[in-house]
Structures are given as C-alpha cells and as structure tokens.
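Asks: Before I ask anything, let me first share the structure, which is written out below as structure tokens.
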C-alpha cells in the first residue's frame, strides 16, 4: 500500500467524493491514488503536522496519534481509497494484485476497539502467509501419509510406513516450518469432520517440545497474556504404526468385532515464528474405515502386534530390534542377518536371508538413530527390523558376526481350518430389537453375519417354513449385512427366523436362529 485516504463527504476539504461523469472527477481520483488531496496538494497529519499519504494512521485502542475522532470532523459518511503504485509497465505487461479482505469481531462479546486489535493480528498473519507464498512452495505438494488398516480380533493396527511420501514429509524443514510429528484421530463417521475428531495419539520428534501453545488476544487487561494449547506432543520419537484396542469416543468400551470405526492420520509442522498464529500447520487427514474381526475362515495368526522376537547375536555393540507389526503377513521360519565387511559404520550394510539362504533384503544401511528419533526401519513379512548401534567409536562388526531370529507364521486360506471354524459363524445383534448402534438413520436397518467364507448361500425362512429371503455371497469379506427385507424388498415382520447357510467349497452347512422385533417407523419428515 502506497497511500490510504478517507473521503469526507460534503465537508469541502479537498477530500470530498470525486464527481462522476466529468474530467475533474477523473483528476480528483488520480490525485487521491497518488496520496494527495483533490487539488494535487500534500496533506498533513494534524497531530504532528508532518506531510503524509496515510489518513488516520494512529491507534484508537491505545489512543495515540491521529485517529478518527481526535480531529474536527465528526461522524459522517466515509469512503476509503487504498492505493498501490504507480507501476512502470510496457505494452502487453500484466501486474498481479493480491487483496486480503479481513474481518474481525462480529459477536456481542467483542466491541469495536477489540475488533481493531483482532484485525491487526489477522493482518500480520495475512502478511506472513503472503511473504511465505501461502506456504505453496513447501506445502502444496505435501499430502497426509497414506494409512493401511490391519483388522484383528478386537484390535485395529494402523500403519503408514510404506507410503512413498514419508521421507519427503519427515525431511521438510525451512526457515519458518519444520516437521514435528504425526497425529492419530478417531472420528464418529466417515465424513471425517475436524470438529468431530478425537485426538488419540501423537508421535513426534524428540526435541523437548511437547506442549505447543499460541497466545490469545487479551481484552481484559491482564498482565499475563493467556495461551491456548494447539498441539500436545509426546516427545516419543517417530513411529509409523499404532495399535488401537479402545473406542476413544467412548473410553469405557473396547472395540467390538464387526463394528466399523473411523480413523485419520495427519502430519504436523511447527511454525518457527512464535509471535504470530498459527503455531502449527497440519496436513489434511487421511481417513480410513476399519472393522475389527476374528481371523477370516481358513486363517490363523501365531504372532501378536508389538511382540519382540529374540535376536541371537555374536557382536554386542550392534543389535537388531525385530518387532511384529502385521501378524497377517508373517512367514514362519529362521532368519539370518548377514553383514558386509566395512571399516566404518557409515558404510556398514546388512542383508536378510531365510533358512534356505534366499536373500529377502539386500545391502540395507545400518543407520545410526539421530537425536530426534527420526530413522526409517525396514519392514518385511509383517516385521519391523531396526538396527541399533550402542557405541560408534568401536570397530564395526564383520561378516562373521551372526544375527539370527525365528519368526512365527500366519496361515492363510487353509480349507481344513475353515471347516473347523464353521461353529464360529453367527449373526448380531441377536435379538434385533427395533434398532442398533451401527445404524446411521431410521431407515438403515440391518443385522450382520460374521465368519462366512468367500462363497456362501443364505436362505432365510419364517416359522411357517416359507422362504422369505435368499442371499448369495461371493466376496472376500467375512461379513454380510442383511437389511431385514424380504424378496419383495419390504421390511419383514417381527418374529423368529431360521437361517440356513450353505458353504459349497467347504461342503458344510450351518443353521442359525434370529429373533427380530421391528419398530413402527415414523418418518422425520413427509
């Protein structure tokens, strides 16, 4: 901004509205834009009598300088001209002008002067955004880490270590922002609205910064400025997976098998300028829906998330932490970690071999964990493998130093196991009584069958032996929802129903009884 003028309607001061439709008005406007009165003369600050191009630059909050109300002009119609320029332009040139329209106050608790203070704070923030190119050069390409869900018995494991953007996210640092950590949220539904999010964990770098606060504008005259906590870190070091067994929206309950839960992951960055808002910039959420469940028919898992596998080693200054992350991907067997011969820790690499001497990983660097806890482990066959060096001043190990461990396994798609698990097939809720917690509205009625194989045929009969519904299942989910309608798509009546389940690939059948009490539905609107 190169000038700011207020126009005083009908005062005859040289700052009246320019006349429309004639050349004199054009000259008046041009003079205003250059920071003069309508006659092309300088104007003066009446408080210090200095020439200025900015009307009323004083502070009405602190009552200092020239502001509205301290000169001889009382309340009346006001117009304002904000100018920037002049620009020197050749024919065909363009000039981009960016304008921020800022509002503050607007509620009964904020008076006019408090609104001015807010406007100044928001203006400083807008200027920061502009000076930093709206974070575009550094943050426009950043996306939240992509999350995968491992659905286990009354447990959800979220992982985001195999996202190609992880290294880019975690290396982000510049003069104003630096990567700080990840936040995990739970949501009540798949709309993933921020105001509904429940923060359940943070994994941030080890730098002593846990509670990140921002000042709150104080209008009450307190000597100490109040602050607001905008992020509560843990100083735990960076992790890229989490096990969730509790419903954080209802902390007294565990996760229920067969119930959908909604989670989100974001990366957040610390703002280095502590005088302005915001102190934290956060990516969008990556939302994911997950359903805890027993192993699918034919599947069996020996390991559990978080279990450490014992690593037998010959060299005691280097250790490999091996942890189970995904029990569904484990491959049973004995594994060997083989080192290369290196005179320095910097060039030391390792390879992973199985009991048949087949190479699984090759030439992985032994990365010394930095002080901030940022190191990307290796992930293979459901395991997280992290080398840990105790003392880098000692001589690195050699190829003759052995590291071995034994991993449990996961059985997937075993027909004999699936036959043994037929007894686990069930339906819930049973009895169905008018409604259930997983229904999102009054017309969304259903019960869920669980532990079904990929291919199954369900026939549902009433007590008179009449077939009221036939359902074919042909997918990889172990769940099947029935919307409590018959073959004519009408809701069924209250009563007892017999469900006959055929599983041709297993050569097995199963019979269930289901009690249903239907409610009289009164629509919310007609």
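Derivation of every value follows stated rules applied to the coordinates shown; laboratory data play no part. All values reported here derive from a predicted model rather than from experimental measurement. Counting neighbours? That spans all protein chains shown, and the Cβs are built from the backbone with ideal geometry, glycine included.
Asks: So for the range 51-104, Kirkwood radius off the Cα pairs, Stokes-Einstein at 10 °C and 1.306 mPa s: how many µm² s⁻¹? It would help to have the intermediate numbers written out before the result.
Replies: Values: Rh = 14.9 Å.
Reported coefficient: 106 µm²/s.
Asks: For the chain, what D do you get in µm² per second when you plug the Kirkwood radius from alpha-carbon pairs into Stokes-Einstein at 10 °C and 1.306 mPa s? Provide the component values of the computation, followed by the final result.
Replies: Details: Rh = 30.1 Å.
It comes out at roughly 53 µm²/s.
Asks: Please compute the Kirkwood hydrodynamic radius of the range 73-112 from all pairs of different C-alpha atoms, in Å with one decimal. The partial results should precede the final answer.
Replies: Numbers: mean 1/r = 0.0665 Å⁻¹.
The Cα-based Kirkwood calculation yields 15.0 Å.
Asks: Stokes-Einstein D for the range 426-525 at 10 °C, 1.306 mPa s, Kirkwood Rh over Cα pairs, in µm²/s? Present the calculation step by step, with values, prior to reporting the outcome.
Replies: On the way: Rh = 14.2 Å.
Answer, rounded: 112 µm²/s.
Asks: Quick one: check the C-alpha center-to-center distance for the range 32-107 versus the range 397-460, whole angstrom.
Replies: The range 32-107 and the range 397-460 have Cα centres separated by 69 Å.
Asks: Quick check: the angle from helix 23-33's long axis to the longest principal axis of the chain, C-alpha only, nearest 10 degrees?
Replies: It is inclined by approximately 60 degrees.
Asks: Regarding the range 302-411, what's the average projected area of the Cα-atom convex hull, expressed in nm²?
Replies: Values: hull surface 27.1 nm².
Result: 6.8 nm².
Asks: Hey, can you rank 194-206, 103-115, 121-133 by average C-beta count inside 10 Å, highest first? Don't skip to the answer; put the middle values down first.
Replies: On the way: 194-206: 16.8, 103-115: 11.5, 121-133: 14.0.
In decreasing order of mean packing, 194-206, 103-115, 121-133 become 194-206, 121-133, 103-115.
Asks: Relative to the compact-globule scaling 2.2 N^0.38 Å, provide the ratio for the alpha-carbon radius of gyration of the range 235-355. Kindly include the intermediate steps, with their values, before the conclusion.
Replies: Details: Rg = 20.7 Å, N = 121, 2.2 N^0.38 = 13.6 Å.
Normalised Rg, Cα atoms only: 1.52.
Asks: Can you order the peptides 510-521, 284-295 by their average number of other Cβ atoms within 10 Å per residue, highest first? Write out the running numbers ahead of the final one.
Replies: Values: 510-521: 13.9, 284-295: 18.8.
Top to bottom by mean Cβ count within 10 Å: 284-295, 510-521.
Asks: What is the angle, in °, between the Cα long axis of helix 112-131 and the longest principal axis of the Cα atoms in the chain? Nearest 10 is fine, range 0 to 90.
Replies: 70
Asks: Any idea what log10 I(q)/I(0) is at q = 0.13, 0.20 Å⁻¹ for the range 1-160, Debye with uniform C-alpha scatterers and no solvent?
Replies: Here log10 of I(q) over I(0) equals -0.85, -1.37.
Asks: Hey, could you pull the Cα Rg and Dmax for the range 3-97, both in Å?
Replies: Computed over the Cα atoms of the range 3-97, radius of gyration and Dmax are 15.0, 47 Å.
Asks: Something else about it: Show me the ranking of peptides 462-468, 345-351 by mean Cβ neighbours inside 10 Å, starting with the highest. Write out the running numbers ahead of the final one.
Replies: On the way: 462-468: 11.3, 345-351: 16.7.
Ranked from most to least packed, the peptides come out as 345-351, 462-468.
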